[in-house]
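Structure first, commentary second.
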4 protein chains.
Amino acid sequence: MQLGLIGLGKMGGNMRERIRRAGHTVIGYDRNPELADVPSLQALVDALEGPRVVWVMVPAGAPTQSTITELAGLLSAGDIVVDGGNSRWTDDAEHAALLAEHGIGFVDAGVSGGVWGLENGYALMVGGQAEHIAAVQPIFDALKPEGEHGFVHAGKVGAGHFAKMVHNGIEYAMMQAYAEGWELLQAADAVTDVREVFRSWQEGTVIRSWLLDLAVDALDADEHLEKIRGYAEDSGEGRWTVEAAIDHSVPLPAITASLFARFSSRQEDSPQMKLVAALRNQFGGHGVSTGA
Amino acid sequence: MQLGLIGLGKMGGNMRERIRRAGHTVIGYDRNPELADVPSLQALVDALEGPRVVWVMVPAGAPTQSTITELAGLLSAGDIVVDGGNSRWTDDAEHAALLAEHGIGFVDAGVSGGVWGLENGYALMVGGQAEHIAAVQPIFDALKPEGEHGFVHAGKVGAGHFAKMVHNGIEYAMMQAYAEGWELLQAADAVTDVREVFRSWQEGTVIRSWLLDLAVDALDADEHLEKIRGYAEDSGEGRWTVEAAIDHSVPLPAITASLFARFSSRQEDSPQMKLVAALRNQFGGHGVSTGA
Amino acid sequence: MQLGLIGLGKMGGNMRERIRRAGHTVIGYDRNPELADVPSLQALVDALEGPRVVWVMVPAGAPTQSTITELAGLLSAGDIVVDGGNSRWTDDAEHAALLAEHGIGFVDAGVSGGVWGLENGYALMVGGQAEHIAAVQPIFDALKPEGEHGFVHAGKVGAGHFAKMVHNGIEYAMMQAYAEGWELLQAADAVTDVREVFRSWQEGTVIRSWLLDLAVDALDADEHLEKIRGYAEDSGEGRWTVEAAIDHSVPLPAITASLFARFSSRQEDSPQMKLVAALRNQFGGHGVSTGA
Amino acid sequence: MQLGLIGLGKMGGNMRERIRRAGHTVIGYDRNPELADVPSLQALVDALEGPRVVWVMVPAGAPTQSTITELAGLLSAGDIVVDGGNSRWTDDAEHAALLAEHGIGFVDAGVSGGVWGLENGYALMVGGQAEHIAAVQPIFDALKPEGEHGFVHAGKVGAGHFAKMVHNGIEYAMMQAYAEGWELLQAADAVTDVREVFRSWQEGTVIRSWLLDLAVDALDADEHLEKIRGYAEDSGEGRWTVEAAIDHSVPLPAITASLFARFSSRQEDSPQMKLVAALRNQFGGHGVSTGA
């Protein structure tokens, strides 16, 4: 089938390639003309036969918002827009409603796989109406891994991004888990070669996982991670996961701790620890052995 | 080769079977005569040709302590004792010193694999002197998974149990990660079928892992876990991991949060929340909309 | 001066009394006619001479929203509305804008003091334009404690509720701090009489505070808090504090832990600990001494 | 009465002064001859009439251990040793047993008050036998604040240090609470003058406390704490509090978070966040907007 794909960055470009390998036609648009197959959204729409499926793969927030708004004006009733970016799930209902005014369907798709997706396939969590999803299914089948898993129709509009958001929250805490273990092994002198311990865990243990495999790859590239700063970005989903948990009175101690560890990692100096240090000075002064 | 194996419970019994399948001779002893091949530790020692290798697989703490003390009196110089139980790594140096007085070698072995180890193999993290480990290697090879990983000589005496302890700390936080995500998905109504979302994550995602596969198995057996209480034991290693981190000034927020979540799960009523509730009563009373 | 006061519950009723004791005239309205001085908002507005000051002391959210909307239609240019409830600070700008369309001023006031405010005074954190605050100052002076502190013009509209929100976030963690200490003292058998330890801390220690005094009062009423469930509500500000922190990438580990402890305290059974327990069953079964 | 006082640092020196002001005789010894009244422990013991009371106020651990051991050889049956330092409560039973062999009594005293104790008095939490405590009571009365609180006989030997340990754990979380609130107020632009908000909280609020007063003093000295690094030491009691909680399966999320925040504040770069960053690189690379 034909697909219009908007956003041909690292993720979008690889997805185009994987979909083409499956025998589909992808017409891609990107603001960067060197990446694009067509020069404009209008040209993209004109190049597709109806009913069209257009996949939006641009940054969450304003870029996705404006792209979908523009598509609402360009597409026709019966067409379908898929938002495969990392949009906040609460944006999806708005986008669906805007498109529905024009008779255009909407599917939200959480996509996991990173740079490995081109070869291994992308895990897909999608939300929307069954008939809209059915229309995109050949593309989903091209993108997903070859096994029996890696695709789920998670519920109505928003469910795909919600599931992807929680996936990322879990990911934060799993990464933090390995990271805490690694730091402790490094800090103690009990274990001679921390990397070999991590490597051994890849089979037979309870904690074997793809993330562990990646950790071993990272340690093989730089055993003590000397070239890497302890500075970790977060991309939104972790924050939204905590906010969703607060909305539902669900305690998320490990995921939230992982998010806060990233916040702290980005501070040159910790304002809160300045006040703690100042308070310690006020009642006793540093170095008073008996404290207060 | 010949192995003496002490402790034939669920773990020890399966390990005997896996070692025998590899062609070795295992003489097992257990306090329960129905499980044992010999009637006493003395009989076990008598039945083995020297130099002997005796693997202790009994509960950590006093049972392991007393077994090793008894073996120190029964074994001969040149024999080797392996502690494959979940001993605290700080016990290992004592045990090694006690046995060394008699010329007996000591190896500590952290073993991961649970009920799956019989078929899949057991991951092994071992500590001790190279010549002691070499003497046990055929047994380690029989127990470990068939792939290239799953075994590591982690360092000197204690390193095996230290590595296993950190492994379990990581495991706590990984289990907590999936559990938090599951609770949030259940609490929100965005996703129609939480189990199918978990199932889909088994391929292509960043969070795919063996623990995730087990989570899906558990949900297949009882979709909403209605037959299971939210009550989680902990077996020592999580606590020791946090204590080791404190000794080394290493922050472990996610692992510690996971440990504390288990503590809380076992309380009928939370004493600390009684005081919080009492304080709220003191300054405003429940239901005062404007709070304090 | 004259004040219109809407909402005569436990907080509003006490505030009316304290303002009257200071010699001002308070005309109160409440949906409950037994509490009200006038039968309607219209009657309240009619009874006040312009320029009027009307203080809204009703639950945050829809009740405050609808009251302010109604007042926008009833009051005149030059009048001032004070929102003294626990509104989310992000609501304030909207309310100010709505009133400004009619030339009506707006002040947001965070109020702390609980049932003790009648005698001790209420701490006030207010936001808005200086001239609006000046017009209300006699009322603020009547409400505040007699000392030199307890009142602050925290900034523009929203600043009062923001400061109060953070105040409550801090309160959550302080209550949690005492509560954790109390539980630990109760759990260990080192200390004979935990209440007497708490009592002694009221003088000379670093941790003396008004909350500590309240804790002692609570323990005097019920030494082991046997009549109180470990069940703690939260009233919104704790959640908003965490959300504001997430918006600004500020780690709040202690405040968030305190919020989550309240969430957990309200669960009959913990869904997330069900999954943890289920996972433990999957790989080893309860009671397997060597774990996994 | 007469008191022998060993350790005349900032705390010990001030305590000597306060006890003297109450009319007692203090003979002080310190390794630093400029501070000492007598040249040796032997001279201290010789200078006191029996039954003697000797107060040890030296750093916890080896210095306290060796001082008490030496005193065991110098003092006579019927004398009493008070350990007023920040010893770990688990050391107390050993010290008491060692002294009891010589018929010497032992009292452990947790002391709070910092540099403010000289004028305000020191809060005292003491453990030991009633007759030993009675013998020291005049000194306790001299040291404690003038009000009715500030002294408690908390239980048998060890109870004083245990109570002081928990006191410090609570202190960690209270300091963290204010610190988190301060950082959030600074980070958001809602509030114009954070220091004035803190100042206002000193009366009428739920969170008023002595620590809050100290925070205002610190902000008055350096409004934005620009001269202070966000680097906070910890002196042992926080760690021991968490370890005691683990021993008793008591969850301490806020206190532990406060301890870990201090650990993190002392790291130039976070090893664990290196691994998190490395994992992010492995699956997607920085700057991939759609993440993984």
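The values are calculated or read from the model by the stated rules, or taken from the named source; none is laboratory data. Quick caveat, the model's predicted, so the values are computed rather than measured. Glycine also receives a Cβ, built like all others from the backbone with ideal geometry; neighbour counts cover every protein chain displayed. Just so you know, the surface numbers come from the protein's heavy atoms only, side chains and all, with ligands and any DNA or RNA stripped out. Shrake-Rupley method; radii C 1.70, N 1.55, O 1.52, S 1.80 Å.
To the nearest ten degrees, helix D:271-283 and the longest principal axis of the Cα atoms of chain D are 20 degrees apart.
For the pairing of chain B with chain A, what total accessible surface becomes buried, with a 1.4 angstrom probe, in square angstrom to the nearest 100?
5600 Å²
Averaged over its residues, how many other protein chain Cβ atoms are within 10 Å of peptide D:84-92's Cβ atoms?
For this peptide, the per-residue mean of nearby foreign Cβ atoms is 2.
Taking the Cα centre of region B:76-193 as origin and assigning +1 to Lys and Arg Cβ atoms and -1 to Asp and Glu Cβ atoms, the resulting dipole is close to 280 debye.
Here the 3J(HN,Hα) profile of region C:23-39, calculated from phi with Karplus coefficients 6.51, -1.76 and 1.60 at θ = phi - 60°, is x, 8, 9, 10, 10, x, 10, 8, 4, 7, x, 5, 8, 7, 8, 10, x Hz, Gly and Pro shown as x. Positive contributions from Lys and Arg (+1) and negative ones from Asp and Glu (-1), summed over other residues with Cβ under 12 Å from the Cβ of C:Q129, come out at -1. With the label put 7 angstrom out from Cα along the Cα-to-Cβ vector, B:H224 ends up 3.7, 5.4, 5.4 nm from the copy partners, going from closest to farthest.
With a 10 Å cut-off around each Cβ of D:8-16, the average count of Cβ atoms from other chains is 2. Distance between the 7 Å Cα→Cβ label points at A:A130 and C:R229: 4.1 nm. Summing Lys and Arg as +1 and Asp and Glu as -1 over all other residues whose Cβ lies under 15 Å from the Cβ of D:N14 gives a net charge of +3. Using only side-chain charges placed at the Cβ, +1 for Lys and Arg and -1 for Asp and Glu, the dipole size of the protein assembly as shown relative to its Cα centre rounds to 0 debye. Overall dimensions of the protein assembly as shown, expressed as equivalent-ellipsoid semi-axes from the Cα gyration tensor (√(5λ), whole Å, largest first), are 50, 49, 23. The same position A:A22 in the other copies lies at 4.3, 6.9, 8.2 nm from this copy, comparing label points 7 Å beyond Cα toward the beta-carbon, shortest first.
What dipole magnitude, in Debye to the nearest 20, does chain B give about its Cα centre under +1 on Lys/Arg Cβ and -1 on Asp/Glu Cβ?
380 debye
Here's how it looks for B:F151: its modeled amide H is under 5 Å from those of B:L124, which are all 5 or more places away or on a different chain. Annotation for region D:2-106: GluC sites (Glu not before Pro) lying in DSSP loop with at most 14 further Cβ atoms inside 10 Å of their Cβ are D:E34, D:E49, D:E101. Between copies, the label points at D:S66 (set 7 angstrom from Cα along Cα-to-Cβ) are spaced 4.1, 7.2, 7.6 nm, reported in nanometres from shortest to longest. Taking the longest Cα principal axis of chain B as reference, the axis of helix B:237-247 is set at about 80 degrees. A protection proxy built from the mean count of other Cβ atoms within 10 Å ranks the segments A:81-89, B:217-225, most packed first, as A:81-89, B:217-225. Toward the positive end of the charge dipole of region C:2-157, with +1 on the Cβ of Lys and Arg and -1 on the Cβ of Asp and Glu, the farthest Cα among C:G9, C:L99, C:Q42 is that of C:G9. Which net charge results when you count Lys and Arg as +1 and Asp and Glu as -1 among the other residues whose beta-carbon is under 13 Å from that of B:A244? Once positives and negatives cancel, what remains is -3. Think of a 1.4 Å ball rolled over the protein heavy atoms: chain D then has 33 Å² of accessible area per residue. Taking chain C as a Gaussian network of alpha-carbon nodes connected by springs under 10 Å, the highest mean-square fluctuation of the residues C:Q282, C:Q42, C:Q202 belongs to C:Q282. Around the amide H of C:G105, modelled in the peptide plane, lie the amide H atoms of C:G78, C:D79, C:I80, C:V81, all under 5 Å away and 5 or more residues distant in sequence or on another chain. The base-10 log of I(q)/I(0) for region D:39-185, evaluated at q = 0.11, 0.12, 0.13, 0.19 Å⁻¹, reads -0.44, -0.51, -0.59, -1.13 [Debye formula, identical scatterers on Cα atoms, solvent excluded]. For the peptides C:127-137, C:51-61, D:171-181, D:259-269, the ranking by packing is D:171-181, C:51-61, D:259-269, C:127-137, with the highest mean count of neighbouring Cβ atoms within 10 Å listed first.
Ordering B:A215, B:V81, B:M175 by the projection of their Cα atoms onto the charge dipole of chain B, which places +1 on the Cβ of Lys and Arg and -1 on the Cβ of Asp and Glu, puts B:M175 at the extreme positive end.
Seen against the Cα atoms of chain D and their longest principal axis, helix D:10-21 is set at about 50 degrees. Given R0 = 51 Å, the distance between the Cβ atoms of B:M1 and B:R266 translates into a calculated FRET efficiency of 0.75. Evaluating 6.51 cos²θ - 1.76 cosθ + 1.60 at θ = phi - 60° for every residue in region B:163-174, the Karplus couplings come out as 5, 5, 4, 5, 3, 5, x, 4, 4, 4, 6, 5 Hz, glycine and proline recorded as x. With 18 Å as the limit, the listed pairs A:K274/D:K10; A:K156/B:K227; D:K144/D:K164 have A:K274/D:K10; A:K156/B:K227 beyond it between alpha carbons. Computed 3J(HN,Hα) for region C:105-111, one whole-Hz value per residue from the Karplus formula 6.51 cos²θ - 1.76 cosθ + 1.60 where θ = phi - 60°, is x, 9, 10, 9, 10, x, 10, glycine and proline marked x. Over all orientations, chain A has a Cα convex hull whose mean projected area works out to 20.3 square nanometres.
For the peptide D:212-220, the mean number of other protein chain Cβ atoms found within 10 angstrom of a residue's Cβ is 4.
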